[in-house]
Every structure is written in C-alpha cells, then in structure tokens.
Amino acid sequence: MMARKNLYRSLLLLSFLALNAGIIYGLAAAWSFLNTGADKSSILHIGGAIEKAYQPKIVWTTNGQRGRKISQQALSELEKDYINAWYVKNIALSTFDVLGIEDYYTEDAREHLKQLIKNNLDNQVRIEATTLSHHPRLEFYSLDGKLAVLTDNHVVQVEKIFANGQFLQQQKSTHSYQVILMLEDGFWRVRQMVKIQNPPEVQAQREEVSFNVNSLKGINYYPKDNPWDMFGKNFDSEAITADFETISSLGLNSVRVFVPYETFGAASVKTEYLDQLEELLNLAQHNNLKVLVTLFDFYGNYELMDWTLTHRHAETVVSRLQNHEALLGWDLKNEPDLDFDSRGKENVLGWLSEMAQLIKKKDSIHPITIGWFAPEAAINLVEQVDFVSFHYYEEPKNLKERVAALKEAIGEKPMVLEEYGKSSYSGIWNLFSNSKEAQANYLSEIQIVLEEEQLPSFIWTLHDFETVPTQVVGRKPWRKAPQKHFGLIDLNGEKKPAYHTIIKKEKGTTN
C-alpha cells in the first residue's frame, strides 16, 4: 500500500515538473519570437518557397562601397530579403493579396504599394510581372548594420497586363533603381525605391551562326531499356556506345536526345545528370555523330512567374555544353503547339521567345530550333530560330503538299523534318491492321519525298520499347501499344524490314 502511494506521489511530481517545463519553454519561445522577429517561412504563406519559386540572376558590385564593410553573410541576407520584396510585390500585383508586404517594406513604402494595388483592383487592372536579372551595386552600409543603400542597374522586367479579365499586352523593359533598405526585427525592408536613368550598357551582338542542316541524316534516340528515362541511375554508357555504333553503321550522322526538365533538377540542375549528358556527347563524338539537344522535355508551365527557374536551368545546361564539338544545336522544346489549348498560345509563344533570346546570348555559335508537332505550327517564331523543325506521322502522299505550304510561309529559312515514322504494331488495339512490312513501305515512301524536296530528317526511332511512360501518350492501351513499336530494331534485337530500308537508302546496299 505504501509503495503504491509513493508511486502516485512520484507520478504527480513528474507531471508537475513536465507541465512547468512546457510553460517555461513556451514563454521562452514567445520571448525569442518577439525579440528576434518571426521566421518568414513560418508566417508568410509563400516565404519558405520563395527561393524555389523565384530565382532571377543576381550580379553584385561592392567595389567603392562606403560605410562599414559588409560581410558575405550579411550581403546574402540583404540580397534574399531584397529579392523577396520584388517577389511579394509581383504576387500582390497579380492576386491583389498584400500578405507578405509588411515583412519586406517599411510602413510608408507598404502604404504606397497598398494604394497602388487598391487602385488596380478598383479599375480591374491586373498585372503579372517578374524580373529576370538584377545588377545591384552596394553604395552604403551603415556602421550599425541597419541601413543599406544600393543602386540596382538594368533590372530586366516582364509584365502581362489584363483589364477586366482580358489580356491586353505583354511588355519587356529594363529599368534602374535607387533603393534604401532598413533592418527591422530581423527583416531587411525596402524603405524607398526610386526609378532612375539607366546607365549606358554595351549590347553584345550575336555572331553569325555558321551551320549546315542540309546534310543531316539523323535519328531520335532512347536506349532500348530506358526510353524517356535514360539518365541518373539508368544511364548505361555501354548500351549507348553500342547503339551509337549501330546508328553510325546505318549511314546516319546525327542523333536527337531529350533533357527532361524536372528529372534534371529544374532550376537546380543535378551535376550527375549534366555529367552524363556530356558523356553522351563524348560517345557521340567518338562515333562521328552530332547531337541535337532538346531542352525542357515534359515541361509545361510557361507562366511568367516560372521564367526565372527555366532561365537558371537553360543557362546551366547551355553553359556546360556550348563548346562541345559534338553539339549540333539546341531544340528549345518538343511539340509545344500541343500545349496551345491547355496553356494558352500566347503563354507558350512568349516563353519560347524568351528562351530563344536567352540561349542566343549564352551560345552565339550553335543554331536553335523548335520541334513543332504540326507543319502548320512551324510558322510561329520563324525569326527567332535558325532552322525550322516539324514532325510528321501522317500519310506520305500528303507530305509534299504540306512541305510546299510551309516553305512558302517561311521563305529561305532552312527546314528539317525532325520526327517521322510508323508503328509496326499489329494487335487487338488496331484490329491487326499494321505490320513490319507496312512500316518499311511507309518509310520508303517518306524517303522519296525527302529526296525530292532535299529535306534533312530524323527518324523515330532506333528501338522498339517494352514500356512507354504514361506521361508520353496517356494511360489508354490503344495509344500505348502502337507507341512501343516505332523502332528499326525489335525487342528481341532483330533488325526489322524498316532497318534494311534505312541502310539501303543511306548506304546504297541491300544488306
């Protein structure tokens, strides 16, 4: 009985101590919160995700800075809050939601912003905006570390303006700003931002791109065992080497490969994947093959607020590979016209135009193109590309007419049939209507037109595939089944009649 009473007393004492410990911890946390400022990511619904959602290019200048010398850590904090101020402002202009403004603007500055947003709301004017690059120069940093003055030169801004829910215009502009920031409660807040005259800037001219697509005889490439998923843990240099040897023996001189945006790390490109892509180009060079790199595979956002992320992705990939001898050029996007209905044609074209300008700045040597699904869509952005590309999987008898119409629309711009082919699938989902022989006949008929029109091309594809990812053609089995059988080589490694059609055409033999 006494033992039981002692046990109860012990439990009672432990409960009392635990309760008091919890109270003390809570008071300490509250005191810390009030004295150091709340963590932005915990109180701002976009705070923790800003760095992932918005990554404009930042190039600092600190030479000639007056006042206290700023540390790298302090400069990083200043940059983070300053760029976040731009982001929350852009969000507010688009959504009329001022959440976050108080964390990045002082009282006077945020009142001005709130009035601007109210006026826009009253007049039903909505602005989608982003900045693509900043060139801040730190002019002054106070001795107590609570005041900073900077000049942000040549801020590249893009805006889409809507009135009463209707799109009016998109504009791209460059402005410079004088900015004063105050450190308050752990936040660098914008106190004043005044637009100033842009300083002189030397515009770099793109070199004349020298290339010849007329001799291209290529193939779209995925390894047999890892279609649409050839990088990362699936990267197999031995399989790729063997395939490139086969492609070269076919008399072909180029391959088209794909860089999946999300898989490669989106804005933060994975070094391992980039290493593997470079290794693929090394293997191609060893087999005298040129590589057309198609960027942004499986990407489909195009929204203005996503532009900075796609900038960082393209900049990283292009910078790494732009001097490789095996690089043929850059295909900005595979079949973007298929996104016109779901994403908005103006959104898609605006993003493509921006990517074309960016890549031309990064790589002034290699040509760029866009892999349009339909020949009729290839009339878009003709002036932005170095050669026009389109895909064709329809009847051979109509190809010549479609090519003639496109030639008339684009003038002297070089043209490439970037994908063509036919499935040899014969089964329940197509009523057993195809065959390997029909595939070979189709390719022969297409090649007659290609020769007559002197049209360079890339066939689809080297191998039949065991699996096709859902995101390629959807879940419907009558779409997946044919997609598995476009190859020149079947699942057993046997060369199909189509293979012999290609080698006969390219090498003038019967093999």
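The values are calculated or read from the model by the stated rules, or taken from the named source; none is laboratory data. Everything numeric in this text was worked out from a predicted model, so none of it was measured. All Cβ positions, glycine included, derive from the backbone under ideal geometry; neighbour counts span all protein chains shown. Calculation scope for accessible area: heavy atoms of the full protein, side chains included, ligands and nucleic acids excluded. Shrake-Rupley method; radii C 1.70, N 1.55, O 1.52, S 1.80 Å.
The set of residues in the range 382-426 being more than 23 Å from the chain's Cα centre (by Cα) and of a type in the set (Gly, Ala, Ser) consists of 404, 405, 409, 411, 421, 423, 424, 426. Residues in the range 56-98 that are open to solvent by 50 Å² or more (accessible area, probe 1.4 Å), aliphatic (A, V, I, L, M) and under 28 Å from the mean Cα position of the chain (by Cα): 1 in all.
Among the candidates 451, 445, 494, the residue that is over 36 Å from the mean Cα position of the chain (by Cα), within 22 Å of residue 251 (Cα to Cα) and exposed (fewer than 13 other Cβ atoms within 10 Å of the Cβ) is uniquely 494. Looking at the range 262-270, is at least one residue over 30 Å from residue 463 (Cα atoms) and open to solvent by less than 20 Å² (accessible area, probe 1.4 Å)? Yes, there is a match, as at least one residue in the range 262-270 is over 30 Å from residue 463 (Cα atoms) and open to solvent by less than 20 Å² (accessible area, probe 1.4 Å).
Out of everything in the range 116-164 that is of a type in the set (Lys, Arg) and under 20 Å from residue 182 (Cβ atoms), what residue ends up being surrounded by the most Cβ atoms within 10 Å (Cβ to Cβ)? Break it down stepwise before answering.
Step one: list which residues in the range 116-164 are of a type in the set (Lys, Arg), which gives 118, 126, 137, 146, 160.
With the extra rule that they be under 20 Å from residue 182 (Cβ atoms), the set shrinks to 137, 146.
Details: 137: 18, 146: 12.
Result: 137.
Of the residues making up the range 279-296, those that are closer than 20 Å to residue 232 by Cα and surrounded by fewer than 18 Cβ atoms within 10 Å (Cβ to Cβ) are 279, 282.
Rundown of residues vs (1) touching a Ser or Thr at 6+ places or on another chain (Cβ under 6 Å); (2) in contact (Cβ under 8 Å) with a residue 12 or more places away in the chain; (3) among the acidic types (Asp, Glu), yes/no style:
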residue	(1), (2), (3)
170	no, yes, no
175	no, yes, no
184	no, yes, yes
188	no, yes, no
196	yes, yes, no
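Whenever a residue of the range 110-124 is in contact (Cβ under 8 Å) with a residue 40 or more places away in the chain, it has no partner that is aliphatic (A, V, I, L, M) and assigned to a helix (DSSP H, G or I) lying with C-beta atoms less than 6 angstrom away and at least six residues away or across chains.
Among what's in the range 365-384 and is among the hydrophobic types (A, V, I, L, M, F, W, C) and within 16 Å of residue 318 (Cα to Cα), pick the residue that is most open to solvent (accessible area, probe 1.4 Å). Quick ask: steps written out before the conclusion?
Here is the first cut: in the range 365-384, the ones among the hydrophobic types (A, V, I, L, M, F, W, C) are 365, 368, 370, 372-374, 377-379, 381-382.
Still in the list and also within 16 Å of residue 318 (Cα to Cα): 365, 368, 370.
Details: 365: 88, 368: 1, 370: 3 Å².
Only one residue tops the list, namely 365.
Just wondering, is there one or more residues in the range 216-226 that are open to solvent by 70 Å² or more (accessible area, probe 1.4 Å) and not in a loop (DSSP other than H, G, I, E, B)? There is at least one residue in the range 216-226 that is open to solvent by 70 Å² or more (accessible area, probe 1.4 Å) and not in a loop (DSSP other than H, G, I, E, B).
Screening residue 213 against (1) aliphatic (A, V, I, L, M); (2) open to solvent by 50 Å² or more (accessible area, probe 1.4 Å); (3) farther than 27 Å from residue 121 by Cα leaves a single unmet condition, (2).
Find the helices (runs of 4 or more DSSP H) located wholly in the range 406-511 whose residues include 3 or more that are of a type in the set (Gly, Ala, Ser), and list them.
Fully inside the range 406-511 and qualifying: 436-453.
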